[in-house]
Amino acid sequence: MLTFPKRSIQMPITYRLAKDFNVAANIIRAQVAPNQMGTMVVELAGDIDELDASIEWMRSQNITVSLASGEILIDEDSCVHCGLCTGICPTEALTLEPSSFKLTFTRSRCIVCEQCIPTCPVQAISTNL
Ligand code: SF4
Ligand code: SF4
């Protein structure tokens, strides 16, 4: 998650990441407005050294970079398999199994963007962050 100070809000971050570091940035969620702080959840892909360099550069620009280290937890006793969370998940970590219509969670695909948490009507999704 990137948090921008007001003065960095116009900075073309994804362009600079691609051009200067060869890092691809897939924007999962963004909340930016002129003259306000902004936040962006991005999935970064690239060479590990260039990823590290790009994060160091963003921090040098006063952008706060928080790396996802937690996990999404699904309470299987509470889940009613309504499928609402599957529609919002950008990586298809949450899907309904076609034959049983049961929720399937593929942890390896989850980028912990947390978009699924507020969609669940029975609060079956949480994070250990
Ligand atoms: S946090 Fe939820 S919406 Fe985001 S990738 Fe993981 S399962 Fe999908
Ligand atoms: S939104 Fe909640 S109840 Fe519905 S399938 Fe997802 S985890 Fe289960």
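The values are calculated or read from the model by the stated rules, or taken from the named source; none is laboratory data. Here the structure is a predicted model, which is why all the values come from computation and not from measurement. Here the Cβ is made from the backbone with ideal geometry for all residues, glycine too, and neighbour counts use every protein chain on show.
Of the candidates Ala68, Ala53, the single residue that is part of a loop (DSSP other than H, G, I, E, B) and of a type outside the set (Val, Ile, Thr) is Ala68.
Do the conditions hold for Asn35, that is, is it assigned to a loop (DSSP other than H, G, I, E, B) and more than 10 Å from ligand 1 (Cβ to nearest atom)? Criteria met by Asn35.
Give the residues of segment 82-124 that are without any contact (Cβ under 8 Å) to a residue 24 or more places away in the chain, within 8 Å of ligand 2 (Cβ to nearest atom) and over 18 Å from the mean Cα position of the chain (by Cα), sorted by residue number. Correct list: Gly83, Leu96. Scanning segment 1-32 for residues that are β-branched (Val, Ile, Thr) and part of a loop (DSSP other than H, G, I, E, B) returns Ile9, Val23, Val32.
State whether the residues of segment 39-50 include one that is assigned to a strand (DSSP E or B), within 11 Å of ligand 2 (Cβ to nearest atom) and surrounded by 14 or more Cβ atoms within 10 Å (Cβ to Cβ).
No, segment 39-50 contains no residue that is assigned to a strand (DSSP E or B), within 11 Å of ligand 2 (Cβ to nearest atom) and surrounded by 14 or more Cβ atoms within 10 Å (Cβ to Cβ).
For beta carbons closer than 7 Å, sequence separation of 6+ or different chains, a first residue in segment 55-81 that is more than 16 Å from ligand 1 (Cβ to nearest atom) and a second that is among the aromatic types (Phe, Trp, Tyr), the qualifying pairs are Ile63/Phe4. The residues of segment 1-15 that are surrounded by 13 or more Cβ atoms within 10 Å (Cβ to Cβ) and under 26 Å from Arg109 (Cα atoms), listed by number, are Met1, Leu2, Thr3, Ile13, Thr14. Among the conditions (1) surrounded by 15 or more Cβ atoms within 10 Å (Cβ to Cβ); (2) at pLDDT 95 or above, Ser78 misses just one, which is (1).
Each residue in segment 25-38 was checked for being more than 16 Å from the chain's Cα centre (by Cα) and either buried (at least 16 other Cβ atoms within 10 Å of the Cβ) or more than 18 Å from Lys6 (Cα to Cα) (or both), and 0 pass. For Gln115, the conditions (1) out of contact with any Lys or Arg (no Cβ under 7 Å at 6 or more places or on another chain); (2) at pLDDT below 95; (3) farther than 19 Å from Pro5 by Cβ are fulfilled apart from (1). When the residues of segment 93-110 are filtered to those that are surrounded by 13 or more Cβ atoms within 10 Å (Cβ to Cβ) and farther than 16 Å from Val80 by Cα, which remaining residue is modelled with the highest pLDDT? Here the residue is Ala93.
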